[in-house]
1. Applying the selection to region 109-119, what residues are of a type outside the set (Gly, Ala, Ser) and either part of a loop (DSSP other than H, G, I, E, B) or touching a residue at least 24 places away in the same chain (Cβ under 8 Å) (or both)?
2. Go through region 1-31 and give me each residue that's over 30 Å from Asp105 (Cβ atoms) and either in contact with a helix residue (DSSP H, G or I) (Cβ under 8 Å, 6 or more places away or on another chain) or surrounded by 12 or more Cβ atoms within 10 Å (Cβ to Cβ) (or both).
3. All but one of (1) assigned to a helix (DSSP H, G or I); (2) closer than 30 Å to Cys67 by Cβ hold for Arg153, so report the exception by its number.
4. Might you let me know whether region 129-139 holds any residue that is more than 17 Å from Leu98 (Cα to Cα), of a type outside the set (Phe, Trp, Tyr) and surrounded by fewer than 16 Cβ atoms within 10 Å (Cβ to Cβ)?
5. Taking region 92-108 as the search range and keeping residues that are among the small types (Gly, Ala, Ser) and either outside any helix (DSSP H, G or I) or crowded, with 18+ Cβ neighbours inside 10 Å (or both), which one is modelled with the highest pLDDT?
6. Can you find a residue in region 120-137 that is within 23 Å of Leu15 (Cα to Cα) and either in contact with a Pro (Cβ under 7 Å, 6 or more places away or on another chain) or in a loop (DSSP other than H, G, I, E, B) (or both)?
7. I need a count of the residues in region 16-63 that are among the basic types (Lys, Arg) and over 19 Å from Leu5 (Cα atoms).
8. Would you confirm, using the coordinates I've provided, whether Ala89 is outside the structural domain of Thr138 (by TED's automatic domain parsing), among the aliphatic types (A, V, I, L, M) and modelled with pLDDT of 85 or more?
Amino acid sequence: MPLRLNVGVSRKLGLPNYGSIGASCAVEVELEPLAFHDGDMLRSRCQEAFATCRQAVEDELGKQQACARSPTDDGEGNATAPETQNGNARPGNSIVPLATARQIDFAYHLAREIRALGGQRLSVLVEQLYDRKIEELTSPEASRLIDLLKELRAGTKSVDDVLTGAAA
């Protein structure tokens with residue numbers, strides 16, 4: 001009966017503006033049955049399998065980080081978007097990624113904690129501030145929205161003032 005060794009490595013990295021990337025690798029290696037009785041050989045095969053997985057994960061994360069960077073990236077993961085006439089990067093722009101599901105979920109979570117806002121008025125606020133739906137925001141725009149919602153939740157800004165200022 002063959003001996004099977006299962007090895008897995010997973011790693012996740014945080015990115016600016018509430019984003020993240022992750023990669024995982026798992027391998028199953030069939031060993032000679034006697035490998036179980038030879039501790040040094042078993043450890044050596046385990047270490048080889050882990051090293052292979054670790055390298056594959058690092059390679060994949062490197063690719064993802066390179067894809068996340070743009071030609072206007074400052075090297076610190078901070079992309080600068082070309083501006084449009086209203087100062088907002090447009091969705092579909094290949095340089096700036098769209099908001100992540102986590103950013104959108106967090107924005108709704110914060111909005112529900114703000115009595116004068118809630119999920120319904122959040123849509124109105126986003127439409128007035130960015131002239132589009134929350135799902136169409138870029139990641140940096142969603143980050144700025146989250147910062148604004150934190151200020152509203154803390155009471156340092158008023159929902160009505162922000163809505164009135166956005167309409168002007």
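1. The answer is Leu110, Glu113, Ile114, Arg115, Leu117.
2. Met1, Pro2, Leu3, Leu5, Val7, Val27, Val29, Leu31
3. Exception for Arg153: condition (2).
4. The answer is no; no qualifying residue exists.
5. Taking the candidates together, the pick is Ala107.
6. The answer is yes; a qualifying residue exists.
7. 1
8. no
The values are calculated or read from the model by the stated rules, or taken from the named source; none is laboratory data. Values in this document were obtained by computation on a predicted structure and should not be read as measured data. Neighbour counts are summed over all protein chains in view; Cβ atoms, including those assigned to glycine, are modelled from backbone coordinates with ideal geometry.
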